[in-house]
Amino acid sequence: MNIFTQTSVPQKGSVAIVLVLFALCLLAPSCQTNSEKSATQIPEKRPNIIVFYVDDLGFGDLSCYGARGVTTPNVDRLANEGIRFTDAHSTASTCTPSRYSLLTGRYAFRNKAAILPGDAPLLIEPGSYTLPRMLKQAGYKTGVVGKWHLGLGNGTIDWNGEVKPGPLEIGFDYSFILPATGDRVPTVYLENHRVANLAKTDKPIVVDYEMKLTGYPNGIDNPELLRQKADPQHSNTIVNGISRIGYMEGGESALWVDEEFPQVLTEKAEKFIANAKQNPFFLYFAFHDIHVPRLPNKQFVGKSTMGPRGDVIAQMDWVTGKIIRYLEEKGLAENTLVIFTSDNGPVLNDGYEDQAEELLGNHQPSGPFRGGKYSAYEAGTRVPMIVYWPGKTSRGASKTPISQIDLYASLAALAGQELADDEAIDSDNNLQALLDHTKQGSEFFLEESFTTQIRQGDWKYIEPFSSTKKIPTFMNEKGVEGGFEFFPQLFNLSTDKAEQSNVAKDNAEVVKSLQAEIDRIRTKTTREAPPN
Ligand code: NG6
Ligand code: CA
């Protein structure tokens, strides 16, 4: 029997009642008097949860979504045996805001979350509501492995001592992270509070995003040392033959080797699973792939026809397969819910000359959609999403519009946790839609870029820029269309998924009501139920 056969998902108002029933049934496991629709169908043994969060993976970048220059058999298998979403969205078209929303259930504008430098303070306040903290309260062991990019510390960080607050202060029991992204210093791993592999003989690590440090060469003064040419922003400290954003000194023994990410991160993930498996566990596995700099391990060089960008997609697929196989070997797969998705849409040239454009061939990273990373257009946030839980999810493609903002409340329902009124205020419980491809998600959700977009069914509305604000154009040089205008834009995605025809003028009422819904969401402070 499918344990999630109830016909309606408990929405915010009814969650409390369901949870009381759930608690009663936990106390009396034999309680079977409720009908098929009752909370007894929530599994007694809470499943492990893994979120595979790929960086900058576009809608068209997996073979199960139409990729041409690379094959992704391991991820395709999850899609074939689970649910492949065709209208799933990250909450923003860049990394930090999407990650912030995923982990807090709040839209990024509430905390002015934008792409962070590598030495930025922690964006999420310790003690505030977070996804890992909520799951920890439900009895989960919680871990993050991979790219962080949500800031660390309180303002000044001593990279040679304890680096905190960070993941451990916002609900993770274990963390092994790249502090920001691969293209930003410091280029060292951080395990819990400490830089990993730092030796006593190393010079102290110093990081500066303003002032030039000279401990290592930099890309402007020593371009002959570079393996990939970079734009000026990415031309500071050179580590491993690649210039980065920002300057650093010291920590020689701790410097990462980018090509080792797949092995190092997979090993840490497996160790976390091995140590955590007495409890249910939550693993947030945040890939560095396929962000720049793209430096595949030699095992994956030439695995695609697209050069480094395709090869790191193959690498990402291998890592996913390896962790899934590990679950299978340990007998954990049947009781693990896997969510595979991306933090924002694709970009080819994001600062390094790695031939992503030249070798693209007929591959379409954005699939049939317009724009990419940074955009208000669809490809900014429309990303692959696969939900896989052997024997528990239905199998098929889901067309429902759905947003990552809802993962928090959905996973709370799965774990039997009630949410406070001021917790994850933008997140709705769409567990049913995550597990059954025939079910619908929420009526509305926002997407954030340099402006705000909202979806309602097939309507997509892009809020205009105010006349006092400058429209960013830097992505033009990257060949990405932003979709930012001083006038309202409305698209009907059922007939115009490539957003070619702005129908705002002919649908003034729709524009008005969607703008009103954006304004309503902006001012809300609690998890009140949506209108009607
Ligand atoms: C931008 C960088 C880009 C990338 C991005 C973060 C430009 C000119 N530069 O500032 O290379 O590092 O930040 O990417 O856009 S993200 O996926 O982490 O959001
Ligand atoms: Ca990203």
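Couple of notes before you dig in:
- Cβ-based exposure ranking for Ser501, Ser442, Ser243, Ser128, in which fewest neighbours within 10 Å come first: Ser501, Ser128, Ser442, Ser243
- Each Cα pair of the stretch 91-198 feeds into the Kirkwood radius, which the Stokes-Einstein equation turns, at 37 °C and 0.692 mPa s, into a diffusion coefficient of 237 µm²/s.
- Cα-based reach from Lys164 at 15 Å (exclusive), listing aspartates and glutamates while leaving out same-chain residues under 8 positions away: Asp119, Glu125, Asp173, Glu191
- On a per residue basis, the convex hull of the C-alpha atoms belonging to the chain measures out at 146 Å³.
- Of Ser342, Ser235, Ser398, the sequence from fewest to most neighbouring Cβ atoms within 10 angstrom is Ser235, Ser398, Ser342.
- The slack in the chain from Ala420 to Thr438, taken as 0.36 nm per residue of separation less the alpha-carbon distance, amounts to 3.5 nm.
- Placing R0 at 45 angstrom, the Cβ-Cβ distance between Thr523 and Arg194 gives a FRET efficiency of 0.60 after rounding to 0.05.
- Enclosed volume per residue, in Å³, of the convex hull spanned by Cα atoms of the stretch 206-249: 56
- With a simple spin-label model that places each label point 7 Å from the Cα along the Cα-to-Cβ direction, the separation between Glu485 and Ala397 comes to 2.9 nm.
- Length-normalised contact order of the chain in % [C-alpha pairs under 8 Å, at least 6 apart]: 22
- Estimated at 0.36 nm per residue, the fully extended path between Glu267 and Asp496 surpasses their Cα-Cα distance by 78.0 nm.
- Volume of the convex hull of the stretch 149-207 (Cα atoms only), normalised per residue: 82 Å³.
- Exposure proxy order (Cβ contacts within 10 Å, fewest to most) of Ser253, Ser98: Ser253, Ser98
- Net lengthening on full extension, Thr214/Val301 (0.36 nm per residue, minus Cα-Cα): 28.1 nm
- A simple spin-label model places the labels of Thr468 and Tyr326 5.1 nm from each other, with each point 7 Å out along Cα-to-Cβ.
- Using the Cβ-Cβ distance between Asn111 and Asp458 with R0 = 35 Å, the FRET efficiency computed as 1/(1 + (r/R0)^6) comes to roughly 0.70.
- Cα-Cα over 21 Å, subset of Lys147/Lys277; Lys147/Lys524; Lys45/Lys141; Lys373/Lys497; Lys268/Lys330: Lys147/Lys277; Lys147/Lys524
- Surrounding net charge for Tyr247, when Lys and Arg each add one and Asp and Glu each subtract one, Cβ distance under 9 Å: -1
- Qualifying lysines (Cα of each under 23 Å from Cα of Lys303; at least 8 residues distant if same chain): Lys229, Lys322
FYI, it's all coordinate maths here, none of it is from the lab. Source: prediction; values computed, not measured. Here Cβ is always computed from backbone atoms with ideal geometry, including for glycine, and neighbour counts include all displayed protein chains.
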